[in-house]
Amino acid sequence: MQLIIQNLSKTYSNGVQALKDVSLTINKGMFGLLGPNGAGKSSLMRTIATLQEADSGSISLGNIDVLTQKEEVRKILGYLPQEFGVYPKIDAVTLLDHLAVLKGISNKGERKGLVEALLHKTNLWNARNKNLGGYSGGMKQRFGIAQALIANPKLIIVDEPTAGLDPAERNRFLNLLSEIGENTIVILSTHIVEDVKELCTDMAIINKGQVLYKGSPLDAIAEVEGKVWTKTIEKAELESYRQNFRIISERLIGGRPVISVLSHEQPEGGFTRTAADLEDVYFTHIFGNTQKEVAA
Amino acid sequence: MFKNIFLFELKYRKARAANYIYFAIMFLLCFLAVTTDVVQIGGAVGQVKENAPIVIGQMIAIMGFFMTLISSAIMGVAVLRDFEHNTEAILFSTPIKKFHYLMGRFWGSYVVLLLVAASLPIAFMLGDLWPMREADRLLPFNLATYWQPYFIFVVPNMFFTGAIFFASGALSRKSIVIYTQGILLLVLYIGTSSLLRDLEQKEIAALCDPFGVRAFSFYTQYWTPGERNSLQIPLDGYILYNRLLWMGVGIVILIINHFAFSFNVVRSSVFRPRAVKDEALRIKPEETKIPVAQQFANLSTHIGQLVKLTLFYFKMVFKEIPFIAIVISGILLLFVNAINLNELFGTSSYPTTYTILGLLSGFNLFFLIIAVLYSGELVWKERAVNLNLIIDAMPMPDFIALISKFLGMLLVYIVLIAGLIVAGMLVQISYGYYNFELGIYIGTLYTETLAFLVLYTMLSMFIHVMVNNKFLGFAVAVAFFILVSFFGQIGLEHPLFQFGSGSLGTYSDMNVYGHFVTPFSWFQVYWFAFVVLLFGIAVVFSSRGSEDVISMRWKAGKLRLSKQLVTLIVCAVAVFLSSGFYIYYNTNVVNRYTNKDGREGLQVDYEKTLKKYEFIAQLRITDVNLKVDLYPSKRDYSAEGYFILKNKTNEPISDIHIQENALNYIKTEKLEFNRKFGVKEKFDRFKYTIYQLAEPLQPGDSVQMNFKTSFVTNGFTDNNASTTSVIYNGTFFNNTYLPSLGYNENYEMSDDNDRKEKKLPEKERMMERNDPRGLSQSLFGDDADHVRFEIVLSTDKDQLAIAPGYLQKSWEEKDRKYFQYKMDAPMCNFFSIISARYEVKRDKWNDVNLEIYYHKGHEYNLDKMMEGMKDALNYYTKHFSPYQYRQVRIMEFPRYATFAQSFANTIPFSEGIGFIAKIDDPDKDIDYVYYVTAHEVAHQWWGHQVMEAGVKGNAMLSESMSQYSALMVLKHKFTPEIIERYLKYELDRYLSGRAGERKKEQPLELVEGQGYIHYQKASLIFFALQDYISEDSVNAAFRRFNQTWRFKDAPYPTSADLLKEIRKVTPDSLQYLIKDMFETITLFENKTDSAFYKEKSKNEFEVTVYASAEKLRADSTGIETPIAINDWIDVGVYGKNKAGKDSLLYLKKHKITQKQNQFKILVKAKPRKAGIDPLHKLIDRHSNDNTKGLVAKR
């Protein structure tokens, strides 16, 4: 099964163009969607999740036309939105069971087993009888993951799933996803580059509604390999470097700024060549000058 | 510091748009209320001007009550907002003092609140200066009129409610508490108003009302129209006490708040945290395998989903704290109201099921609140908690979400109604009544009430879906209700335009739901189809996912137009249209539909066209001979027979004017005379025909008029044209349904304001007392004097049909029952025709047959009625004259009307007033069944033996004399305390009645159909009169009056003729009474200022009373002028008898000639209280200050 997005565009009523002619093909496995806040990741994911209309373009999932055969999509969909809430006065078991009914798990025994397994899986078992209103951010997020996994979905869309998780939970969750991703389409949006690098076989970078890059993370890294130069500078110098070089990233190490620049040759004395990682790719596309090359 | 916080609060609030919106809303409501008819809050009645201080005061007080909602919004968040915005930690760590913080916030918010509330007086002020207002309905502009009530009511109310909301917000730190607090205040308010209904608790109610509205109406209840136009609202008496009390409560609340409020951010929890059990079993998430569960998408799965969701939403509503608060408040209110069920003179009714249903209907307001609030809440539930995206991505059909929410609400209603039924039965049990009629409970609540809830819920859900904004949705829902109520005023009066129209009408034990069921059902089908249509549209447009724009929702919605949904919508449209057409066919094609304008136009045209015939010489009926066939099951009858008409004038008459009854059901099929005649002129619109005899009828000659009229019910009508007189069980109509002679003045418009609008001249209510035209006709009209009467009635086999007269024979024929009645002497031209399934109770008084025809199950008070008839016959035959008939019959009729009426030896008596009255304690409860019976029997003398002229003062002869007669029967039967209690009610009703007079208050001798005068004032006057001149003297006057006028044809007597007799029996020293009581409106202001006693010896006590007495005379608007006093007034001293009750030690009339008086009285037992006019024989607006407890003085 393949998810094919073609020429998808969407403009909101306030004039913001959320998606500009987006085309992507997504295969089984983990697909990472990288982009800064407001890039259009969530709009794209909501459109795939049947929750938003597109102005033009098409989406197909196998034989299903996602934009019109919504019911068919929903049957095989697991969706975790970026932000969500819960009924505060209800416990996790009740709500998960409730959602399982809505998913169409009509056998009571099966549902019970499923709910229990999901609560175990997301490490919520001890808090299962507590009102959801009293859950911490991380617990709530885990609950969201649990509900997205009801009924073995064929298409899983998770929007910023690791936000608010502690490192151990994050690992556990990513493992879980990759386990599932073996025979499922999993679309994961994030602004954390690490997530994508560790898990995804395929990825896309989008910003301002446009796809800036699509391909595998390894290919992406190869593209900039050997072109990343870094230099540790003084704070006072930062402004002049900004003007003279196309800086793709700035970070502080030991309180001093370290800047990265993309270049075929050493841009200036003091720059050292560094092994490229996905983050450099990301910043390159977001801030860098290679936009045209990629888009072309 | 205080100053900084206070000023900061003002600055902060200045920037909040909400405050301006509140101001604008209140301003608009008030402004529209005085300048248009769109908004109606109180208002002026009759002679009271539209900007009279009391009218403006009432409106400000009422609107001030609604200001409570704004008060909660403004005051509640003053401290709460720091918690909601999580700024408390920052704020509380600064070095401000708690007192400064709280007071700064409170006073800052309070000032803002007062500024918002200033919208009320400003709006009324501008509204009254508005150029479009009618100048002759306004008083000259006076600033105090607007601002005095603001300072008396609004400022303290806002302080009190503000203190509550401020404290509850600060202490609970939860906004939910503020909402529930508002509802509790509402309950307290409604609670005091139902307490107020019982007279003796008016003072308490006046104090209890936190808004002062009750105190205000208590203080001004007896203000006459004249006073209403001239007096400003005072800060005095109970208004002052009330204000001080509740301001004090507000201060106490603020003090409590100060000490209870803590500056700590985290409060120690009231509950100890529950120890968390560590799971013995360690779970390893990694090792968990997620089992495969089968996913279904078939019909049974969807039904399962629907059921599950329905139950889910049902439970969700029941868990809501405001919901619980609303329900508890509603039920509390029911129980409070259950304390005094259906009271009349402070006496309750048996808690029959329909009485309880009336009680339960008090919950409808709460139902409406629940329906509007929670249908909206549920529509928004997922979006409110931000779970919508997850739920919306679930694979369930689109309609399930909305339908399950609707069904959840439906289940809420079903359960609440079941709860109400249980509550109703509990009330019945508490009264010791065990005849539970579950069928009636279910038949009313699960049809009428549930239907109204279903309609409003679906409508409100539709609005929320379409508007797609929660708060705007609520606003639109409320606006819709206002708009619909406004439909009627722009001419869309037809029930097809009135959302949710169609009612089951009044339930009657006799007629059950009667003929109301059919139209009710059709209207419900019609409206249900309408809301289903809306609901179908809502399903299409309901937001699923993150799209909010309507065009996008339509894009998504188009995909939902499945075959089933389209079928549903098409069916709904089809049912809506076809039921609408069917209703229209019934109300407008089969029956005639008129709207208000049409009816008024007809009245106006009738008067303009035919008024000229009002006093032309007409024949008079001398014989009535009828055959009336009643078909109760079809609601039809046909009446055939003849009148003999005689020329009693001195001129020949050839034109005979016939007015048929205006009801559309009634058709005249035949009308002819036994002499040669023709039709001279016919006014079909008015059902008025002028016939002309070929040869004029000479004086003294007669002509026979043969006619046949029929009453035919076809289909059903709208409510305005509906009639409850010819029905399945309990048919009751009178001779006005038959053709009558000449112009009928009753068809004219009577209200002067309406008449003015239609450019008709003002109208006198009655003819002058010396008008010869009036003197020549009796109170029953100018169609006849006395008539000979004979009738054959037939009806369904299981019913009895009754008319005046003696039963000659009865027989059965072709499955119908026949009854022949005949009067052996002429009677007045006023007769009833009655048919129902009756039980009969019979008894005898001397040789008079006493019969009560009653509905099975209504046996409660039959003995009291029998006794009432016997005692009344006894007294009246002994003191007035012999009884002219050989029978008295009482027959029950359904409670569509609540009165009893006296026809010749025949007294129809409503199911609603006497048959289910519950007289528990004969020492305390006024036995009004006995009393009403005695009153109606008295009419056999006053009205039937002596018919009075149809001129001003006429009711003093029939009604007032019957009041007196019944009161005397009562006096000899019950204790003086009961009589005193009864008179106190009469005094209250008289004083309230004159306060609401629309035209002019008349003295008793010139009363013009004013019930508060000819019933209530007359009771007081005649009771006092017999006290002054003795019962025997009054009876003697009545007896002589009876002897002079008994059974006479025209000319008829007037009140002057009775007063002539009363004068004869009144001693010279008391002749002034006649002027005070009958010829003028005279009031007293009697008060005991102080009183004490000295113990002279063991059984000799000297009581000293300082009392003031004033005598006042009122004009027709109620403006009073003091007049010199020279009257005999009771002075009394009370002690205690052995039973511990008050008993009179001394009661004697003293001649009083000045305002300030001192009385020294010697009594032989220890006195307790003393005073002037202690028994309230004189009309006194402050009757509670007549006596005072005594203090001992050495």
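Placing +1 on the Cβ of every Lys and Arg and -1 on the Cβ of every Asp and Glu, with no other charges, gives the protein assembly as shown a dipole of roughly 2420 debye about its Cα centre.
Each part reduced to its alpha carbon centroid, region A:101-151 and region B:718-739 end up 67 Å apart.
Across peptide B:394-403, the mean count of Cβ atoms from other chains lying within 10 Å of each residue's own Cβ comes to 4.
Mind checking which of B:ALA1109, B:ILE1013, B:GLN1026 is farthest towards the positive end of region B:1004-1115's charge dipole, using Cβ charges of +1 (Lys, Arg) and -1 (Asp, Glu) about the Cα centre? Farthest towards the positive pole: B:GLN1026.
Placing +1 on each Lys and Arg Cβ and -1 on each Asp and Glu Cβ, with no other charges, gives region A:3-215 a dipole about its Cα centre of roughly 380 debye.
Per the Debye formula on identical point scatterers at the alpha carbon atoms of chain B, with no solvent, log10 I(q)/I(0) at q = 0.08 Å⁻¹ is -1.12.
So how do B:SER501, B:SER1116 line up by other beta-carbon neighbours within 10 Å, fewest first?
Values: B:SER501 20, B:SER1116 16.
Lowest count first: B:SER1116, B:SER501.
As a quick test, which of the pairs B:LYS984/B:LYS1149; B:LYS627/B:LYS708; B:LYS924/B:LYS1017; B:LYS1094/B:LYS1169; B:LYS973/B:LYS1136 have an alpha carbon distance above 18 angstrom in this structure? Walk me through the numbers on the way to the answer.
Details: B:LYS984/B:LYS1149 20 Å; B:LYS627/B:LYS708 9 Å; B:LYS924/B:LYS1017 23 Å; B:LYS1094/B:LYS1169 13 Å; B:LYS973/B:LYS1136 23 Å.
Correct reply: B:LYS984/B:LYS1149; B:LYS924/B:LYS1017; B:LYS973/B:LYS1136.
With the helix formula -39500 (n - 2.57) applied to DSSP H stretches of n ≥ 4, chain A reaches a computed 222 nm mean residue ellipticity of -10000 deg cm²/dmol. From least to most packed, judged by other beta carbons within 10 angstrom and beginning with the fewest, B:LYS1048, B:LYS1064, B:LYS1017, A:LYS75 follow the order B:LYS1064, B:LYS1048, A:LYS75, B:LYS1017.
Over its Cα atoms, what ratio of radius of gyration to 2.2 N^0.38 Å does region B:299-590 give?
Numbers: Rg = 20.7 Å, N = 292, 2.2 N^0.38 = 19.0 Å.
Computed over Cα atoms of region B:299-590, the ratio equals 1.09.
The mean count of C-beta atoms from other chains within 10 Å of the C-beta of residues in B:380-389, rounded to a whole number, is 5. Backbone N atoms of region B:1165-1194 closer than 16 Å to the 7 Å Cα→Cβ label point of B:GLU1095 belong to residues B:1165-1169, B:1190-1194. Shielding value for A:49-57 is 5, the average number of Cβ atoms from other chains within 10 Å of each residue's Cβ.
Restricting to DSSP loop positions (anything but H, G, I, E, B) with no more than 13 other Cβ atoms inside 10 Å of their own Cβ, which trypsin sites (Lys or Arg not before Pro) remain in region B:874-950? Please report the intermediate quantities before stating the final value.
On the way: sites: B:LYS878, B:ARG886, B:ARG889, B:ARG895, B:LYS918, B:LYS924; in loops: B:ARG886, B:ARG895, B:LYS918, B:LYS924.
Of the trypsin sites (Lys or Arg not before Pro), the ones in loops of region B:874-950 whose Cβ has at most 13 other Cβ atoms within 10 Å are B:ARG886, B:LYS924.
Positive-end ranking of B:PHE165, B:GLY358, B:VAL532 along the dipole of the protein assembly as shown, with charges on Cβ about the Cα centre, is headed by B:PHE165.
Dipole orientation for chain B: of the candidates B:TYR930, B:PHE2, B:PHE903, B:PHE2 has the Cα lying most toward the positive pole (charges on Cβ; Lys, Arg +1; Asp, Glu -1). Dipole magnitude for chain B: computed about the Cα centre from +1 point charges on Lys and Arg Cβ and -1 point charges on Asp and Glu Cβ, it is near 3140 debye. The peptide list B:976-987, A:23-34, put in order of mean Cβ contacts within 10 Å with the highest first, becomes A:23-34, B:976-987.
Within straight cross-link reach of B:LYS844, meaning Cα distance under 17 Å, which aspartates and glutamates are found once same-chain residues fewer than 8 apart are removed? Straight-distance partners of B:LYS844: B:ASP863, B:GLU867, B:ASP871.
Per-residue Karplus couplings for region B:1179-1184, computed as 6.51 cos²θ - 1.76 cosθ + 1.60 with θ equal to phi - 60°, are listed in order as 7, 9, 6, 10, 7, 7 Hz, Gly and Pro entered as x.
Taking the helices alone, chain B has a mean residue ellipticity at 222 nm of -14500 deg cm²/dmol, built from -39,500 (n - 2.57) per DSSP H run of at least 4 residues and averaged over all its residues.
Cβ crowding within 10 Å, taken as a proxy for footprinting-reagent exposure, orders B:ARG228, A:ARG111, B:ARG133 from fewest neighbours to most as B:ARG133, A:ARG111, B:ARG228.
At a 10 angstrom cut-off on C-beta neighbours, averaged per residue, how do the peptides B:611-621, B:637-647 rank from highest to lowest? Please list the in-between numbers first.
Numbers: B:611-621: 16.8, B:637-647: 21.0.
Result, highest mean first: B:637-647, B:611-621.
Readers should treat all values here as calculations from the given coordinates under stated rules, not as data from a laboratory. In this text, all values refer to a predicted model and were calculated from it rather than measured experimentally. Cβ coordinates were reconstructed from backbone atoms using ideal geometry, including for glycine residues, and neighbour counts include every protein chain displayed.
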